[in-house]
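Only the coordinates and a few stated rules stand behind these numbers; no lab work does. Since the model is a prediction, treat every value here as computed from it, not as a measurement. When we count neighbours, we look across all protein chains shown, and the Cβ atoms used for this are built from the backbone with ideal geometry, even at glycine.
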Amino acid sequence: MNTTFKEILLKEGLKDWEIRKTHSGGGLCLHFTKKIWIDGEHWNLPFLLHEVAHALLPRKHYHDAIWGDKYTMLCEKYLTREALKC
Ligand SMILES: [Zn+2]
């Protein structure tokens with residue numbers, strides 16, 4: 001699963017970003033240090049794509065419409081139709 005996550009980062013042009021499994025209780029996108037933190041309990045593709053959408057946009061967008069479009073685009077690209085139902 002780790003390889004797949006890294007592959008997605010590479011495909012999205014985030015090649016110098018790192019993903020780290022944490023116990024933070026959620027996800028975090030650290031633009032300054034180029035790190036994505038994801039809690040072990042949320043270690044799944046939709047959660048990764050959520051953080052990747054943050055990584056691809058300036059911090060100010062947070063969860064606005066532009067971020068929403070980016071997240072939707074990533075989901076359509078990487079998630080199967082079955083996965084989108086949940
Ligand atoms: Zn978020």
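Quick look at the numbers
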item	result
Two-decimal ratio, the chain, of alpha-carbon radius of gyration to 2.2 N^0.38 Å	1.01
Tensor-based shape of region 5-45 (alpha-carbon gyration tensor, a/c under 1.5 rounded, otherwise prolate or oblate)	oblate
Longest site-free stretch - the chain; sites: trypsin sites (Lys or Arg not before Pro), DSSP loop, at most 16 other Cβ within 10 Å	35-84
Amide H contacts under 5 Å for residue 24, placed H, 5+ residues apart	39, 40
Length-normalised contact order for the chain - Cα pairs under 8 Å, 6+ apart - percent	21 percent
Dipole axis of the chain (+1 Lys, Arg; -1 Asp, Glu on Cβ), positive-most option in 67, 78, 30	30
The chain: antiparallel DSSP beta bridges as a percent of all, rounded to 5	45 percent
Contour excess over end-to-end distance, with Cα ends at residue 18 and residue 66 and 0.36 nm allotted per residue	14.9 nm
5 angstrom amide H check on residue 19, placed H, neighbours 5+ away	36
Violating pairs (Cα-Cα greater than 21 angstrom) within the set 11/60; 15/77; 34/60; 6/70	11/60
Phi to ³J(HN,Hα) by Karplus 6.51 cos²θ - 1.76 cosθ + 1.60 over region 39-55, Hz, x for Gly, Pro	5, x, 6, 10, 6, 9, 4, x, 5, 4, 4, 4, 6, 4, 4, 5, 5
Dipole magnitude of region 2-84, debye to nearest 20 (Cβ charges: Lys/Arg +1, Asp/Glu -1, about Cα centre)	260 debye
